[in-house]
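Working notes, beginning with the structure itself.
Every number here is computed from the coordinates shown, using simple stated rules; none is lab data. Keep in mind it's a predicted model, so treat the numbers as computed, not measured. Counting neighbours? That spans all protein chains shown, and the Cβs are built from the backbone with ideal geometry, glycine included.
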Amino acid sequence: MKLSRLSAQLIIFVLFTTAVVLLTAGCGQQDGTAAADGKAAAPQLTAIHSTYVKSPLNIPSILEKRHATFEDAFQTDGIQFTYSDLNAGPKQTEALAAGDIDICHALGGTSAILAAANGVNLKIVGIYSRAPEAFTLLTTDDSIQTIQDLKGKTIAGPRGTILHQLLLAALQKAGLNIDDVHFVSMDIPQTAAALASRKIDAGLLAGPAALKLQENGARTLTTGKGLLDATIVIAMRQDFLQNHPEAAKKFLSLHRQVVADYLADPAASYPDAAAETGLTPEQVAKMAPWYDFDPDIRPADLQDLEATQDFLIHTGMLDPAKKLDIPTLCTQL
């Protein structure tokens, strides 16, 4: 009798266990979210959203868009590639945080660091450009010949950017600081207009806006050369990078090829760049050598990003308690 009860209990246990296993397996097949190792499977990738930033003179991006480099390559994988015309760094990182874009393709190092420090899950996966000579401090006032002559003067430019960082570095080198001048925050078009109409004493400008003013008589007090590298980065949302590493690598591989093709014959790309920016091919030819588009993350890039973070802390835009480990923020694909 005791053996019989034990047998019955054993049979019930086996039946119950089998039912649970079958039910669990059935659920895994139904929702398609469980992988063989028990981890959640990544959602299928059907679309990639990237920013398109052509200014100051982002020749690789111009070529990539005009020749549908990414659209055609990803279409073969059944993936739709789209662009968003978000130029301002904070707008890019806001869209990244919201999941509206996957890739910030040309994002200022300042914006990348600020966003990451404030909780945006991004990774720097490459360098878009280094162009210290493309970032300038200009004046139309003949009485201003040196940086020291800026003491007490009104200077305009976009706050919290590489240009703002350039101003602080130039002032420091000249033995001045930001309190020695009157700094007004303006975007590049406003700064260019104010400088052209002599409403300000000096302006922080980059790319075509700077070149056009120089051609109209504005003088360069300094560029970023010797002061900073003006590092622009390629950043991706971390979950996109983790869930779709092959797509992320393919994007970088395609970009590398575009850069390589451009470097093999730069002049062939000048008409496309001119048409997209409103410059002449001759103006593009003058500016193009200022840019280093090598996507590899170099030790010097990490040092420049460290200096950028120090600048943000120094200006009060970044809480020192949120200071990032820059090498950890970066990953080379």
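Can you work out the FRET efficiency for the pair Leu176 and Gln214, with r the C-beta to C-beta distance and R0 = 30 Å, to the nearest 0.05? Before the final figure, lay out each step's value.
Numbers: r = 24 Å, r/R0 = 0.79.
It comes to 0.80.
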| said: Taking just the alpha carbons, could you work out the radius of gyration and Dmax for region 80-133, both in angstroms? | reply: 11.2, 36
| remark: Cα-Cα longer than 18 Å, checked against Lys153/Lys212; Lys225/Lys286; Lys123/Lys323; Lys153/Lys225; Lys65/Lys123, kept in input order, equals Lys153/Lys212; Lys153/Lys225; Lys65/Lys123
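Given that compact globular proteins tend to follow 2.2 N^0.38 Å, what is the ratio of the alpha-carbon Rg of region 199-299 to that value?
Against the empirical 2.2 N^0.38 Å value, I get 1.36 for region 199-299.
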| remark: For Val184, other-chain or 5+-apart residues with amide H closer than 5 Å (H placed, Pro excluded) are Ile155, Ala156, Gly157
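Counting other Cβ atoms within 10 Å, which trypsin sites (Lys or Arg not before Pro) in region 234-333 have at most 16 and lie in a DSSP loop?
Answer in residue order: Lys323.
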| said: How tilted is helix 2-31 with respect to the longest principal axis of the chain? Cα atoms for both, answer in degrees (0 to 90, nearest 10). | reply: 30
| request: May I ask for the net charge around Ala210, where only other residues with Cβ less than 12 Å from the Cβ of Ala210 are counted and Lys, Arg are +1 while Asp, Glu are -1? | output: +1
| field | With Cα atoms, 0 to 90° folded angle of helix 299-314 axis to the chain main axis | value | 80
| remark: In order over region 181-191: 3J(HN,Hα) from phi, Karplus 6.51/-1.76/1.60, θ = phi - 60°, whole Hz, x for each Gly or Pro, gives 10, 9, 8, 10, 7, 9, 6, 4, x, 5, 4
| request: Go through region 243-249 residue by residue and turn each phi into a ³J(HN,Hα) via Karplus (6.51, -1.76, 1.60, θ = phi - 60°); whole Hz please, and just put x for glycine and proline. | output: 7, 9, x, 5, 5, 4, 5
| Cα-centre dipole for the chain with unit charges at Cβ (Lys and Arg positive, Asp and Glu negative), debye to 20 | 800
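Taking the Kirkwood radius as the inverse of the mean 1/r across Cα pairs, report the Rg/Rh of region 133-223. Walk me through the numbers on the way to the answer.
Values: Rg = 11.3 Å, Rh = 12.5 Å.
So for region 133-223, dividing Rg by the Kirkwood Rh gives 0.91.
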| task | With everything on Cα atoms, drop me the angle between helix 162-173 and the longest principal axis of the chain, reported from 0 to 90° to the nearest 10. | result | 50
| field | Virtual spin-label span in nm between Gln80 and Thr280, 7 Å along Cα→Cβ | value | 4.2
| field | For region 46-136: rounded, prolate or oblate by the Cα gyration tensor [a/c cutoff 1.5] | value | oblate
| task | Working from the alpha-carbon coordinates of the chain, get Rg over Rh, Rh being the Kirkwood radius. | result | 1.18
| Residue-wise HN-Hα coupling along region 57-66, computed from phi with Karplus coefficients 6.51, -1.76, 1.60 (Hz; x: Gly, Pro) | 8, 8, 4, x, 5, 4, 5, 4, 6, 5
